Amino acid sequence: MKKPWGGRFTGNTSKIVEQYTESVSFDQRLWKYDIEGSIAHAKMLGKQGIIPKKDADKIVAALKDIYREIEAGKFRFSIELEDVHMNIEAALIKKIGDAGGRLHTARSRNDQVALDLRLYLREESREIIGLLKKLADVLCSMAGKKSGTIMPGYTHMQRAQPVLLSHHLLAYAQMFSRDRERFADCLKRINVLPLGSCALAGTSLPIDRQYVAKLLGFDAVSENSLDSVSDRDFAVEFLSASAMLMMHTSRMAEELVLWSTEEFSFIELPDAFTTGSSIMPQKKNPDVAELVRGKTGRVYGSLMSLLTLMKGLPLAYNRDMQEDKEPVFDTVDTVKLTLNALIQMLPEVRFNAARLKDTAGAAFSTATDLAEYLVRKDIPFRTAHEITGKIVRYCIDNKKDLKDLGLAEYKKFSAKIENDIFSCLKTEQSVRSKISFGGTSVSKVKEQLARFKKKNS
Ligand code: ARG
């Protein structure tokens, strides 16, 4: 097959080279954006009188036909034509002859592929932002419903202090809200038009890049032709925001795995989101949560691929950059699937409120409240910490809980301890007392939820 770039060649391309250099097997996914970009480009060429207006009209009409053919699954992409761009252009020329041959005026595949990737990531980023909003909504509604449920809060995986389940859920909502901001920020740099940079230098023809930007809904036109054909920062940023997001979903997934164990028994996962074992009949495995955790690895890997791919590239376009697409596509698919799975699964998770509360109240989890009680009695915190530590030691030695000690026993450790200590040691009171801004009391969490909802709307 004659190549669109075949003029200066006399020999044929070897088969292995075609196999090695093709990208159409994966970049055909960009077809919609490729056609959208070409239509805008053709309109601009016609308006500027760079090509005859009637040829521009023909190109636009034929591109729309091709659009419908691809949509209907009737278009055959061929690897001999390398990539999505040349496949579509060849089909255009086959349809309308010389008029079609005018489309690639003042354009190169270098600015074209940058354009397609930007259009693609713009749409996908907007979708991911929408999914993040939904996920945060799900967490808010769970937090709203579970407003009184107390659970153990952990540090070092050791029970630390009682907290509200709603507070814990909102911690994740906060992460997803920052993720949303990161994608929105990245969108600003995605939404810049590279087309018109041509191969690397711009063009001698009187193009109107601002017009193309307007047609395609770009906020800005790239400033430097060399930079715009070789810039993939926007894709790295997208992958970086995705990696961070997956880190968050993975942390949450890890807790779901842990909490659903018999040992924790904090939650029961819905049947629809768990699977059985082929050998052990009793098993109910948290596979979805495990895969959310597991798939994080491939997204990190994609970020690393692209950073590594770009690090040694001299200006401007280099063919290495063709390798940017698969990690980006894989990440988009993984992130969207992950978010959709969580959006559907989380509302079905059943919490074992009694178990959560019992666990929250054990293991001296109100020891810090006792120390703060002593601080209120004018004891320096370091001393209060020491006294409380001794009380805990005494309890461990005598197999007792803080609530089991009598006032006389407490007095042995500090004369300042009075009867009002006992309410302080209650799990509910411990939570209720955390009224600092951002703290875990019901009132503060309620305020947090209200602020969050407002921001997330
Ligand atoms: N398939 C190529 C890519 O994905 C398109 C640009 C090719 N440009 C070139 N001069 N070979 O990067």
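The values are calculated or read from the model by the stated rules, or taken from the named source; none is laboratory data. Please read all numbers here as calculations on a predicted model, not as lab measurements. We place every Cβ from the backbone using ideal geometry, glycine too, and count neighbours over all the protein chains shown. What goes into the accessible areas is simple: the full protein's heavy atoms, side chains included, and nothing from ligands, DNA or RNA. Shrake-Rupley method; radii C 1.70, N 1.55, O 1.52, S 1.80 Å.
Quick notes on this one:
- In segment 315-327, the residues that are within 23 Å of Ser225 (Cβ to Cβ) and open to solvent by less than 70 Å² (accessible area, probe 1.4 Å): Ala316, Tyr317, Asn318, Met321, Gln322, Asp324, Lys325
- Scanning segment 130-180 for residues that are assigned to a helix (DSSP H, G or I) and among the basic types (Lys, Arg) turns up Lys133, Lys134, Lys145, Arg178, Arg180.
- Considering only residues in segment 252-269 that are within 27 Å of Asp179 (Cβ to Cβ) and touching a Ser or Thr at 6+ places or on another chain (Cβ under 9 Å), the one that is surrounded by the most Cβ atoms within 10 Å (Cβ to Cβ) turns out to be Ala253.
- Looking across segment 426-447, the residues that are under 21 Å from Ala353 (Cα atoms) and either modelled with pLDDT under 95 or of a type in the set (D, E, K, R) (or both) come down to Lys426, Glu428, Arg432, Lys434, Lys444, Lys446.
- Residue match in segment 288-299 (condition: more than 16 Å from the ligand (Cβ to nearest atom), open to solvent by less than 30 Å² (accessible area, probe 1.4 Å) and under 30 Å from Tyr20 (Cα atoms)): yes
- In summary, helices (runs of 4 or more DSSP H) completely within segment 338-416 and bearing 2 or more residues that are open to solvent by less than 20 Å² (accessible area, probe 1.4 Å) occur at 353-361, 367-376, 381-397.
- Count of residues meeting criterion [within 16 Å of the ligand (Cβ to nearest atom) and among the hydroxyl-bearing types (Ser, Thr, Tyr)] in segment 94-113: 1
- For segment 227-272, the tally of residues that are part of a helix (DSSP H, G or I) and of a type in the set (Val, Ile, Thr) stands at 4.
- Scanning segment 420-452 for residues that are within 27 Å of the chain's Cα centre (by Cα), among the small types (Gly, Ala, Ser) and in a helix (DSSP H, G or I) gives a single hit, Ala450.
- Taking every residue in segment 103-118 that is under 12 Å from Glu36 (Cα atoms) and pairing it with any residue that is near the ligand (Cβ under 8 Å from one of its atoms), at least 6 positions away or on another chain, the pairs with Cβ-Cβ distances below 6 Å are Gln112/His85.
- Exactly one residue out of Ala362, Ala316, Ala367, Ala353 is free of Cβ contacts under 8 Å to residues at least 60 places away in the same chain, aliphatic (A, V, I, L, M) and either within 16 Å of the ligand (Cβ to nearest atom) or under 30 Å from Ser433 (Cα atoms) (or both), and it is Ala367.
- Residues satisfying the stated conditions in segment 303-313, i.e. away from the ligand (no atom under 16 Å from the Cβ) and either small (Gly, Ala, Ser) or touching a strand residue (DSSP E or B) at 6+ places or on another chain (Cβ under 6 Å) (or both): Gly312
- Whichever residue in segment 43-92 is outside any helix (DSSP H, G or I) and within 16 Å of the ligand (Cβ to nearest atom) and, among such residues, is most open to solvent (accessible area, probe 1.4 Å): Phe77
- Within segment 1-18, tally of residues that are within 14 Å of the ligand (Cβ to nearest atom) and closer than 16 Å to Asn87 by Cβ: 6
- When Val24 is tested against the conditions (1) more than 11 Å from the ligand (Cβ to nearest atom); (2) closer than 30 Å to Asp208 by Cα, the lone failure is (1).
- Filtering segment 405-423 to residues that are without any contact (Cβ under 8 Å) to a residue 24 or more places away in the chain and among the aromatic types (Phe, Trp, Tyr) leaves Tyr410, Phe422.
- So Glu36, is it acidic (Asp, Glu), closer than 28 Å to Asp330 by Cβ, more than 16 Å from the ligand (Cβ to nearest atom) and out of contact with any strand residue (DSSP E or B) (no Cβ under 7 Å at 6 or more places or on another chain): yes
- The sole residue among Met157, Met151 that is more than 16 Å from the ligand (Cβ to nearest atom), under 30 Å from Met345 (Cα atoms) and either β-branched (Val, Ile, Thr) or open to solvent by 10 Å² or more (accessible area, probe 1.4 Å) (or both) is Met157.
- Screening Ala106 with (1) open to solvent by less than 70 Å² (accessible area, probe 1.4 Å); (2) in a helix (DSSP H, G or I) gives one miss only, at (2).
- Any hit, segment 191-211, residues being over 22 Å from Leu313 (Cα atoms), part of a helix (DSSP H, G or I), within 29 Å of the chain's Cα centre (by Cα) and modelled with pLDDT of 95 or more: no
- Residues in segment 182-204 that are touching a helix residue (DSSP H, G or I) at 6+ places or on another chain (Cβ under 9 Å) and exposed (fewer than 14 other Cβ atoms within 10 Å of the Cβ): Asp185, Ala201.
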